[in-house]
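Contents: one structure, followed by commentary.
The values are calculated or read from the model by the stated rules, or taken from the named source; none is laboratory data. On a predicted model such as this, the values are computed, not experimentally measured, just so you know. Cβ placement follows ideal geometry from the backbone for every residue including glycine, while neighbour counts extend to all protein chains displayed.
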Amino acid sequence: MSYTRSSDTIPITAQLSFSLFQYKHPFIYFLNADSNQLIVINSEQKKMVANIQIPQSLYNNTDPGGIHSFYVHNHDSIFLQDLYGFSIIDSAGRIKYHKTINSPGLNHWPPILYNNIGGVFPMYYDATLNKLFTRQYSGEKMMNEKGFYTIKVEANMDLNDSIMRELPVEYPPLYVKNYCGEANLAFREMDDSANIYSFMASPDIVIYNRYNGHVRHLTAKSKLQNQGFKPLSLEYSEDMNRKVDHMVENPLYMKIIYDKYRSCYYRMLLNGKELKNKDGSYNTFSDKELIVSVFDKDFQLLTDVNLGSNYLWNYSFATPKGLYILKISNDTYIKQATINEKNLIFDVINFNNGHARM
Amino acid sequence: MKRTLFSTLLILTMGMHACKPKDEYKERVAGIVSYLHKEHNYSIDDCTSVLVLQANKCNVCNAENLQKIAADKPLNKTVFILSAPDDSITAFINSTYSNQKIFIDEKNIMPKYGLSFIQNLRADICHGELQSYHFY
């Protein structure tokens with residue numbers, strides 16, 4: 001399987017500090033966390049076409065304030081998730097629905113919290129099921145406690161009865177047996193019928209069928225993974241510098257992207273990197289090389305590509321033109337503040353294979 | 001509780017946590033001497049407190065942490081290295097210290113010397129030798 005790499009620049013007409021995004025052809029929705037606006041950009045016309053102000057009541061007086069997740073179903077049904085609840089607004093910013101889901105007690109949170117922890121597990125609305133899917137996690141256990149990893153990772157709320165129901169998907173056993181440091185994020189992607197889960201420390205994935213409830217456990221390992229994941233001693237659980245070093249040294253599986261245009265999946269791997277090079281210089285997290293593995297619809301590995309170290313893997317999505325991944329500018333200051341740039345420069349990776357519909 | 005709720009991926013947001021420095025950082029911290037000499041043509045001939053401030057990492061250089069740093073008396077001379085330009089931090093330094101020198105890691109070279117930490121750092125150096133260090 002071969003691939004081509006090209007570039008596409010998306011101009012941003014206003015200073016934009018985005019923390020969350022969604023691609024829905026041909027639009028890219030960015031949540032500007034500073035202004036609490038949803039910026040809508042037409043990626044083909046290359047211009048901003050709408051600017052939706054999120055009602056102040058949804059981000060004011062919260063701790064911390066702001067929208068933690070959003071999902072655009074259509075312009076009249078924009079789902080928002082803040083610290084305490086779900087809301088639906090329309091493109092004029094009017095609130096059409098609100099439901100409190102995380103009600104803190106006097107001095108404590110409930111045992112289960114529903115929120116986009118880590119910012120990498122956005123909510124999703126399935127219109128056929130009329131259910132809203134969200135990350136869930138322990139409100140009582142710390143992330144260095146085994147109990148945190150025994151909680152199911154996702155729940156859904158049926159909008160007909162507003163009851164939360166957890167899904168039968170758990171962290172891989174290695175998280176319960178070992179301490180994995182900060183390599184503890186769970187990612188979830190949606191395809192036409194399934195939720196696909198990836199965990200940073202494990203090559204294994206979980207596939208949950210939303211319509212029949214079946215759960216499958218598979219391995220989706222990159223052939224380019226250069227070493228096994230090594231757990232961290234629990235004695236370092238308060239040592240942030242050591243935890244960052246641990247993230248540099250170890251291979252980390254990140255998000256999975258479903259490409260509906262080519263009926264395949266991309267899995268991101270940040271390969272392990274030695275802290276110190278032979279010439280005496282040191283590596284940091286940004287030096288980790290990004291591997292993109294392509295899997296077919298049955299999660300058989302088709303190919304692996306090492307893209308190098310100049311990508312912001314989180315800002316990636318599949319389009320009719322190919323896989324978009326935000327590129328880091330060569331300018332070192334821009335490297336520190338790419339999210340504030342006026343032009344977003346994406347690499348467009350196009351994999352050519354027998355499965356492609358191009 | 002709050003940390004469980006808001007603990008986020010370090011790549012996206014970097015929080016501030018206290019920690020006990022470990023000897024494993026000694027070699028890296030000592031890289032300050034080489035960094036200052038090679039990148040800023042500055043040699044430490046006497047006893048100097050070098051403060052590395054992570055200006056571009058979220059919430060590491062908040063007012064509370066800067067006050068903690070200022071509460072510890074430095075050695076005879078004080079050198080600051082900012083990981084990125086920051087007017088408010090520079091103003092704080094200039095209003096709090098005298099006879100200080102400020103360097104800015106404009107080319108983002110410090111990480112290559114092993115000086116990429118998630119916390120602010122104070123290193124006391126005498127005649128080019130690291131005497132002690134502390135994270136804030």
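The single condition among (1) crowded, with 16+ Cβ neighbours inside 10 Å; (2) touching a residue at least 60 places away in the same chain (Cβ under 8 Å); (3) within 14 Å of another protein chain (Cβ to nearest Cβ) that B:Lys112 does not meet is (2). The residues of the range A:223-242 that are touching a residue at least 40 places away in the same chain (Cβ under 8 Å) and among the small types (Gly, Ala, Ser), listed by number, are A:Ser233, A:Ser237. Within the range A:173-191, the set of residues being assigned to a loop (DSSP other than H, G, I, E, B) and of a type in the set (Phe, Trp, Tyr) comprises A:Tyr179 only. Regarding the range A:128-150, can at least one residue be identified that is touching a residue at least 12 places away in the same chain (Cβ under 8 Å), part of a strand (DSSP E or B) and within 11 Å of chain B (Cβ to nearest Cβ)? Yes, that holds for at least one residue.
The residue that is farthest from the other protein chains (Cβ to nearest Cβ), counting only those in the range A:223-241 that are touching a Gly at 6+ places or on another chain (Cβ under 8 Å) and part of a helix (DSSP H, G or I), is A:Tyr236. Going by what's in this entry, would A:Leu174 be described as closer than 23 Å to A:Asp245 by Cα, of a type outside the set (S, T, N, Q) and touching a Gly at 6+ places or on another chain (Cβ under 7 Å)? No: the conditions fail for A:Leu174.
Inside the range B:55-81, residues that are away from chain A (no Cβ under 14 Å) and either under 18 Å from B:Tyr42 (Cα atoms) or part of a helix (DSSP H, G or I) (or both) make up a count of 15. When every residue of the range A:199-222 is checked against the conditions, none turns out to be in a loop (DSSP other than H, G, I, E, B), crowded, with 19+ Cβ neighbours inside 10 Å and free of Cβ contacts under 8 Å to residues at least 40 places away in the same chain.
When B:Asp45 is tested against the conditions (1) more than 26 Å from A:Thr284 (Cα to Cα); (2) of a type in the set (Asp, Glu); (3) at pLDDT 90 or above, the lone failure is (3).
When restricted to residues that are in contact with a Lys or Arg (Cβ under 8 Å, 6 or more places away or on another chain), of a type outside the set (Phe, Trp, Tyr), outside any strand (DSSP E or B) and more than 15 Å from B:Lys57 (Cβ to Cβ), the range B:82-134 contains 2.
Being surrounded by fewer than 20 Cβ atoms within 10 Å (Cβ to Cβ), in contact with a Cys (Cβ under 9 Å, 6 or more places away or on another chain) and free of Cβ contacts under 8 Å to residues at least 24 places away in the same chain, is that true of even one residue in the range B:73-83? Scanning the range B:73-83, I find no residue that is surrounded by fewer than 20 Cβ atoms within 10 Å (Cβ to Cβ), in contact with a Cys (Cβ under 9 Å, 6 or more places away or on another chain) and free of Cβ contacts under 8 Å to residues at least 24 places away in the same chain, so the answer is no. Condition check: closer than 28 Å to A:Thr9 by Cβ, more than 10 Å from chain B (Cβ to nearest Cβ) and out of contact with any His (no Cβ under 8 Å at 6 or more places or on another chain). Does A:Glu289 satisfy that? It is true that A:Glu289 is closer than 28 Å to A:Thr9 by Cβ, more than 10 Å from chain B (Cβ to nearest Cβ) and out of contact with any His (no Cβ under 8 Å at 6 or more places or on another chain). Across the range A:86-114, what is the total count of residues that are buried (at least 17 other Cβ atoms within 10 Å of the Cβ), of a type outside the set (Val, Ile, Thr) and in a strand (DSSP E or B)? Qualifying residue count, the range A:86-114: 4.
Residue check: A:Asp245 meets all listed conditions (1) buried (at least 21 other Cβ atoms within 10 Å of the Cβ); (2) in contact (Cβ under 8 Å) with a residue 40 or more places away in the chain; (3) within 12 Å of chain B (Cβ to nearest Cβ) but one, namely (2).
Mind checking whether some residue in the range A:289-306 is under 18 Å from A:Asn184 (Cα atoms) and either charged (D, E, K, R) or in contact with a strand residue (DSSP E or B) (Cβ under 8 Å, 6 or more places away or on another chain) (or both)? Within the range A:289-306, not a single residue is under 18 Å from A:Asn184 (Cα atoms) and either charged (D, E, K, R) or in contact with a strand residue (DSSP E or B) (Cβ under 8 Å, 6 or more places away or on another chain) (or both).
Scanning the range A:254-273 turns up no residue that is surrounded by 20 or more Cβ atoms within 10 Å (Cβ to Cβ), among the small types (Gly, Ala, Ser) and under 22 Å from A:Val206 (Cβ atoms).
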